[in-house]
Every structure is written in C-alpha cells, then in structure tokens.
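Colleague: Got a structure here, written out as structure tokens. Questions coming.
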Amino acid sequence: QVQLVESGGGLVQPGESLRLSCGASGRMFSTSPVGWYRQAPGKEREFVARLTTTGTEYYADSVKGRFTISRDNAGKSLYLQMNSLKPEDTAVYYCYCVLSGVNYWGKGTLVTVSS
C-alpha cells in the first residue's frame, strides 16, 4: 500500500523559508509524476508544483520564483523548498504521486506564515 507522509511545516514569519518533505513507502518518486497541492482555510485545494518523470517542473503563478520542487536520487523523498513566504501561503500542504493512473495523497502538513 502506498503511504505518503509530509513533514516540515510550522509557523514562520513573512519573508522566511521552510522546506517541506514527503516520504514514501517505496521508491515511486523517481518513476511517477509527483507534486504538491495546498488548501487554505475556507478555500479549495489548489495546485502548487509538480515534477514530471523526466524532471520538468511546473509551478503555480503565485509561487513561481519562490518555491522549488525536487526529489532525492533514491526516489523515496520529495521536497518543496519555500522561500520568501507570504501570509497568503498559509495552508495545509499535501504531496501526491500518481501510480497506474491513481493519485495517492499524504495527510498534509500545516504551514502558517504570520508576524
């Protein structure tokens, strides 16, 4: 069974950085499309970033230039480096991967950006 576990969330001030991690139960991150979504309080879940199997990165306009998605060579960890954080980045962040056409999700990690 595929299990994804996010970590690294927390409370930071505007302008600071955080690095989110997503651990997988197997080495699927190297062979599957992967990415991050987020859901702010009272809002729908929205796309943040994704990484194709060939290494192409895509970002939401709202995070482009500030966030970077990456994965480790072993294919077991996915990362989201978040710089210059803004209060509007406050949300629960979820990682996902796609295996055989099925999306698998973690349970999320909360990021709060506040002074």
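Colleague: Find the relative contact order for the range 1-63 and round it to a whole percent, using C-alpha pairs within less than 8 Å whose residues are 6+ positions apart.
Modeller: Contact order relative to length: 22 percent.
Colleague: In whole Å, what is the distance between the alpha-carbon centres of the range 93-108 and the range 22-64?
Modeller: 9
Colleague: Sticking with this one: Pairs of alpha-carbon atoms within less than 8 angstrom and 6+ residues apart define the contacts here; what relative contact order does the chain have, in percent? All intermediate terms of the calculation are to be shown ahead of the outcome.
Modeller: Numbers: 286 pairs, mean separation 43.0, N = 115.
In percent, rounded to a whole number, it is 37.
Colleague: Say the dipole of the chain comes from +1 at the beta carbon of Lys and Arg and -1 at that of Asp and Glu; which of 15, 85, 37 then lies farthest toward its positive end?
Modeller: 37
Colleague: Right, here's the next one. Of all the accessible heavy-atom surface of the range 54-103, with the other protein chains kept in place and a 1.4 Å probe, what percent is carbon and sulfur?
Modeller: 46
Colleague: Let me ask something else about it. Just to confirm the filter: which GluC sites (Glu not before Pro) across the range 10-115 are DSSP coil and have at most 11 other Cβ within 10 angstrom of their Cβ?
Modeller: Answer in residue order: 44.
Colleague: Viscosity 1.567 mPa s, temperature 4 °C: what is the translational diffusion coefficient of the chain from Stokes-Einstein with a Kirkwood Rh over Cα pairs, rounded to a whole number of µm²/s?
Modeller: Using the Kirkwood radius from Cα pairs, D works out to 93 µm²/s.
Colleague: Among the lysines, select those whose C-alpha is under 19 Å from the C-alpha of residue 86, and discard any that sit fewer than 8 residues away in the same chain.
Modeller: 43, 64
Colleague: Could you give the accessible area per residue of the chain, probe 1.4 Å, as a whole number in Å²?
Modeller: For the chain, the per-residue accessible area is 53 Å².
Colleague: If the cut-off is 24 Å between C-alpha atoms, which lysines fall inside it for residue 76, apart from same-chain ones fewer than 8 positions away?
Modeller: Within the straight-line limit of under 24 Å, residue 76 reaches these lysines: 107.
Colleague: Per-residue counts of other Cβ atoms within 10 Å, averaged by peptide: what ranking do you get for 95-103, 18-26, 30-38, highest first?
Modeller: Packing order, densest peptide first, comes out as 30-38, 18-26, 95-103.
Colleague: Once phi is turned into θ = phi - 60°, what whole-Hz ³J(HN,Hα) does the Karplus curve with 6.51, -1.76 and 1.60 give for every residue of the range 31-40, x standing for Gly and Pro?
Modeller: Karplus values, whole Hz, x for Gly and Pro: 10, 10, x, 9, x, 10, 10, 9, 9, 7.
The values are calculated or read from the model by the stated rules, or taken from the named source; none is laboratory data. Values in this document were obtained by computation on a predicted structure and should not be read as measured data. FYI the Cβ positions are ideal-geometry reconstructions off the backbone, even for glycines, and counts take in every protein chain you see. Heavy atoms of the whole protein, side chains included, go into the accessibility calculation; ligands, DNA and RNA do not. Shrake-Rupley method; radii C 1.70, N 1.55, O 1.52, S 1.80 Å.
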